[in-house]
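Q: Supplied in structure tokens, the structure appears directly below.
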Amino acid sequence: MSEESRYSRQILLPQIGEQGQKRLAESTAAVIGCGGLGAPVLTSLALAGVGKLRLIDHDRIGLSNLNRQFLYEESELDKEKCERAADFLRRRNSGIVLETVCERLTEENAGRLLSGVDVIVDCVDRVETRRHAGRAARRLSVPLVEGGVHGFYGFVLSVLPGKSACLECVTAQEAEERGPVPAVGAVAGVIGSLQAVECMKILLGLPHVLYGRMLQYDGLYGEFTEVPVHVRPDCICQS
Amino acid sequence: MIEVRLFATFREGRDKIVYLEPEQASCPADVLDHLKIPHEEVAICLINGFHSKLSDPVKDQDVLALFPPVGGG
Ligand SMILES: [Zn+2]
């Protein structure tokens with residue numbers, strides 16, 4: 001299979017080109033959470049030829065995942081998400097390396113699970129895991145792409161550790177979502193796709209990454225709002 | 001005027017931007033009470049883009065942005 005023709009449509013872009021494609025091929029992205037956001041993020045990065053993807057998810061496939069998590073099939077219920085996700089991706093791009101970590105990311109293992117990557121994509125659904133991921137990204141000095149959804153709403157924020165605002169910089173109080181979070185597949189697709197675009201910009205060294213700019217999406221109004229966010233001097237990311 | 005920008009579920013049953021007179025609110029907590037938003041539902045509270053506590057002062061011309069948790073993955 002000619003890898004040249006596989007990526008020809010994106011190599012056409014001045015922002016990518018042969019150089020950029022090589023850069024993507026030499027990059028590693030860690031994706032935490034192989035769910036509603038992880039599905040578009042992983043698929044986009046795999047198809048774009050990001051050389052190595054590390055899939056981190058401890059969860060198993062449930063029926064209520066299937067309204068949005070298109071990596072999985074009805075026949076795969078109860079199977080480990082990261083293994084099934086890797087299989088889905090491998091069948092679409094055999095030229096990239098897929099690492100699977102079927103563990104929940106914790107404070108203790110975050111440094112180990114996220115070491116040696118060029119970008120981290122946060123696709124999780126728990127405040128606590130987001131905190132561990134954010135702090136590990138800071139310790140490892142790796143750019144992080146945050147994303148979250150709730151029904152028809154979502155947001156994306158990229159974080160340049162120590163330099164631009166992290167989620168903890170702006171969090172007033174740790175308000176956890178109550179009960180199962182409402183989820184619309186198409187909205188997760190919008191937000192996850194935006195996260196993948198941010199990843200590509202970071203890996204390609206392109207400007208205008210969403211550092212310090214939280215992009216809010218409201219599917220009901222059909223509206224994007226850019227919210228500038230600033231570093232909080234007493235945030236843990238500034239120590 | 002204090003400009004209050006609401007996001008995500010806070011918009012439901014309310015306008016997405018609300019203007020209050022400085023006399024109506026001296027801190028984000030007052031704004032929340034005015035809009036009947038339970039304090040514990042706020043995840044992010046920004047005054048002019050900067051992190052703030054619900055008890056921090058708000059004044060004329062400030063832009064307050066309020067967000068519930070949008071934490072699904
Ligand atoms: Zn911070």
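The values are calculated or read from the model by the stated rules, or taken from the named source; none is laboratory data. What you are looking at is a predicted structure, and each value in this text was computed from that prediction instead of being measured. Cβ coordinates were reconstructed from backbone atoms using ideal geometry, including for glycine residues, and neighbour counts include every protein chain displayed. Accessible surface is based on the protein model in full, side chains and every heavy atom, while ligands, DNA and RNA are left aside. Shrake-Rupley method; radii C 1.70, N 1.55, O 1.52, S 1.80 Å.
Q: Could you list, in sequence order, all residues of the range A:49-72 that are within 28 Å of A:Glu18 (Cβ to Cβ) and in a loop (DSSP other than H, G, I, E, B)?
A: A:Gly49, A:Val50, A:Gly51
Q: Which condition breaks for A:Val227 when tested against (1) open to solvent by less than 70 Å² (accessible area, probe 1.4 Å); (2) within 10 Å of the ligand (Cβ to nearest atom)?
A: Only one criterion in (1) open to solvent by less than 70 Å² (accessible area, probe 1.4 Å); (2) within 10 Å of the ligand (Cβ to nearest atom) is unmet by A:Val227, namely (2).
Q: Sticking with this structure for a sec: For the range B:41-68, enumerate the residues that are part of a loop (DSSP other than H, G, I, E, B), open to solvent by 50 Å² or more (accessible area, probe 1.4 Å) and facing another protein chain (nearest Cβ under 7 Å).
A: Passing the criteria: only B:Lys53.
Q: Also: Does the range A:10-27 include one or more residues that are touching a Leu at 6+ places or on another chain (Cβ under 6 Å), touching a residue at least 12 places away in the same chain (Cβ under 8 Å) and among the β-branched types (Val, Ile, Thr)?
A: No, every residue in the range A:10-27 fails to be touching a Leu at 6+ places or on another chain (Cβ under 6 Å), touching a residue at least 12 places away in the same chain (Cβ under 8 Å) and among the β-branched types (Val, Ile, Thr).
Q: Pull up the range A:190-208, narrow it to residues that are open to solvent by 20 Å² or more (accessible area, probe 1.4 Å) and either within 16 Å of the ligand (Cβ to nearest atom) or part of a helix (DSSP H, G or I) (or both), then point me to the one that is nearest to A:Leu144 (Cα to Cα). Talk me through it step by step, then tell me what you get.
A: The first filter runs over the range A:190-208 and keeps only residues open to solvent by 20 Å² or more (accessible area, probe 1.4 Å), leaving A:190, A:193-194, A:197, A:200-202, A:205-208.
Checking the rest, the ones that are also either within 16 Å of the ligand (Cβ to nearest atom) or part of a helix (DSSP H, G or I) (or both) come to A:190, A:193-194, A:197, A:200-202.
On the way: A:Val190: 18, A:Ser193: 15, A:Leu194: 13, A:Val197: 13, A:Met200: 12, A:Lys201: 12, A:Ile202: 9 Å.
Ranking the candidates gives A:Ile202 first.
Q: Please determine, by comparing only the residues of the range A:123-151 that are in a strand (DSSP E or B) and farther than 17 Å from A:Leu55 by Cβ, which one is most open to solvent (accessible area, probe 1.4 Å). If you could, list the steps in order and put the result at the bottom.
A: From the range A:123-151, those in a strand (DSSP E or B) are A:144-151; that's our starting set.
Next cut, farther than 17 Å from A:Leu55 by Cβ only: A:146, A:148-151.
On the way: A:Glu146: 3, A:Gly148: 0, A:Val149: 9, A:His150: 33, A:Gly151: 10 Å².
So, considering only residues that are in a strand (DSSP E or B) and farther than 17 Å from A:Leu55 by Cβ, the one most open to solvent (accessible area, probe 1.4 Å) is A:His150.
Q: Next question, about the same structure. Report the residue count in the range A:112-152 for those that are touching a residue at least 60 places away in the same chain (Cβ under 8 Å), of a type in the set (D, E, K, R) and in contact with a strand residue (DSSP E or B) (Cβ under 8 Å, 6 or more places away or on another chain).
A: Residues meeting the conditions: 3.
Q: List every residue pair whose Cβ atoms lie under 6 Å apart, where the two residues are 6 or more positions apart in sequence or sit on different chains, the first residue falls within the range A:190-214 and is modelled with pLDDT of 95 or more, and the second residue, located anywhere, is hydroxyl-bearing (Ser, Thr, Tyr) and assigned to a helix (DSSP H, G or I).
A: These pairs meet every condition: A:Ala196/A:Ser44.
Q: Hey, can you tell me all the residues within the range A:162-178 that are open to solvent by 40 Å² or more (accessible area, probe 1.4 Å), more than 8 Å from the ligand (Cβ to nearest atom) and touching a residue at least 24 places away in the same chain (Cβ under 8 Å)? Lay out the reasoning, then the answer.
A: Within the range A:162-178, the first condition is being open to solvent by 40 Å² or more (accessible area, probe 1.4 Å), and the residues that meet it are A:163, A:168, A:171, A:173-174, A:176, A:178.
Right, trim to more than 8 Å from the ligand (Cβ to nearest atom) and you get A:163, A:171, A:173-174, A:176, A:178.
Listed by number, the residues that qualify are A:Lys163, A:Glu174, A:Glu176.
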